[in-house]
Each structure stands twice: as structure tokens, then as C-alpha cells.
Amino acid sequence: MFDIIAEPNKKLIRAKLSGLLTVDDVSEFFRQQQAAVRTLGCRAGDFVVLLDTTDMVIQTQIVVAAFQEALATNAHKARKIAIVRPHALARMQARRITEQRQGVAIFDCQDAAEAWLLTSSADAAFNAHDSVAMHAAAERPQPPPGTALPRSFPPR
């Protein structure tokens, strides 16, 4: 229920996850991801990861815990991780999984995620909470120029 591709020219690991995973799936995913990192010839912090979880369903609590543990103990940590997770409830779960990890951002679309990953490392300080708030603010409707705004605009 996952595919992993290493792109050496970008120092990028691209992964697509789908469906409902088991704890064993999570372990195998991180094992294969680490193998892909070794093919890049990168050290910790020298590569980025793009996780497309668009086709992934909400995971069980035990799988969430397995992801949290794997992120915390991963030998080769990425400089930045971009997660594509377009649905609000799924983004909340992704935030919970990554809340202890710096350099993580959650996006609605793959193009924005990849653009963020491949920008300077100064952006890596965003964590999942910052990126979701930043991304949500960018999606809010904007009034026409010169319009008087009520105090509550834009809606939250």
C-alpha cells in the first residue's frame, strides 16, 4: 500500500501511501524509505521527503503510534517532510503524528508541497501546525479592493 521512489538529482524521496495500513506496513515503509535514502548517498538532513497520502484513509490509533515512533527513531532524518493531505480530518491526524517533528508541512496539493520542499532550508522551521494555519489563511476568500470589512472578515 505504498510506493517509494528516490530522485537523486533533487535529493528527494517521493512516497505514495494509500488505504488502511498495519503496524507491519509502517515498519516496512520506513525500512524501504531508509533503503531509498541510502541509494541517494545522503546523510541525515541532506534530503527531503514528499509523502502523498491523498488516497490514505484515517488510520487506527496503533498505526498512528507506530508512525510517531518511527519518525522519532528514524536513523536518517529528512531536512524537511511535506505531506499531501487534502482532507481536514486527515490533516488533523497528520498533525498529531508529526507534532514532535520540526521541518514538517502539510499541503492540499502536491505541487505546493514539492515547491516548499525544494526551497531554501530557512523554511524548514515550519512545523505541521504552522503550515496548516499558513495554508488555510492563503485559501481564505479575499474581498474586492476598497471594500469595508466587518470585524470578523475573513471568516475563520
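Computed from the coordinates by the stated procedures, all read-outs in this text should not be read as laboratory data. A quick note: this is a predicted structure, and the numbers were derived from the prediction, not measured. Positions of Cβ are generated from backbone atoms using ideal geometry, with glycine treated the same way; all protein chains shown enter the neighbour counts.
Read through the list (1) under 17 Å from the mean Cα position of the chain (by Cα); (2) surrounded by fewer than 20 Cβ atoms within 10 Å (Cβ to Cβ), then give the number of the only condition that residue 94 fails.
(2)
If you go through the range 1-46, how many residues are in contact with a strand residue (DSSP E or B) (Cβ under 8 Å, 6 or more places away or on another chain), more than 21 Å from residue 69 (Cβ to Cβ) and either of a type in the set (A, V, I, L, M) or assigned to a loop (DSSP other than H, G, I, E, B) (or both)?
Matching residues across the range 1-46 total 5.
Quickly run through the range 5-28 and pick out the residues that are free of Cβ contacts under 8 Å to residues at least 40 places away in the same chain and within 18 Å of residue 63 (Cβ to Cβ).
Taking the range 5-28 and keeping what is free of Cβ contacts under 8 Å to residues at least 40 places away in the same chain, we get 5-9, 11, 14-19, 24-25, 28.
15, 16, 17, 18, 19, 24, 25, 28, listed by residue number.
In the range 47-82, how many are in contact (Cβ under 8 Å) with a residue 12 or more places away in the chain, exposed (fewer than 14 other Cβ atoms within 10 Å of the Cβ) and more than 16 Å from residue 102 (Cβ to Cβ)? Show your work before the answer.
If we filter the range 47-82 for residues that are in contact (Cβ under 8 Å) with a residue 12 or more places away in the chain, which is where we start, we get 47-60, 62-64, 66-68, 70-72, 74-82.
Now drop any that are not exposed (fewer than 14 other Cβ atoms within 10 Å of the Cβ), which leaves 55, 57-58, 60, 62, 72, 75.
Applying the additional criterion that residues be more than 16 Å from residue 102 (Cβ to Cβ) yields 55, 57-58, 60, 62, 75.
Counting residues in the range 47-82 that are in contact (Cβ under 8 Å) with a residue 12 or more places away in the chain, exposed (fewer than 14 other Cβ atoms within 10 Å of the Cβ) and more than 16 Å from residue 102 (Cβ to Cβ) gives 6.
Please list, ordered by first then second residue, the pairs with beta carbon atoms under 8 Å, 6 or more apart or interchain, first in the range 93-109 and on the phi > 0 side of the Ramachandran plot, second not aromatic (Phe, Trp, Tyr).
Filtered contacts from the range 93-109: 103/78; 103/79; 103/80; 103/81; 103/124; 103/125; 103/127.
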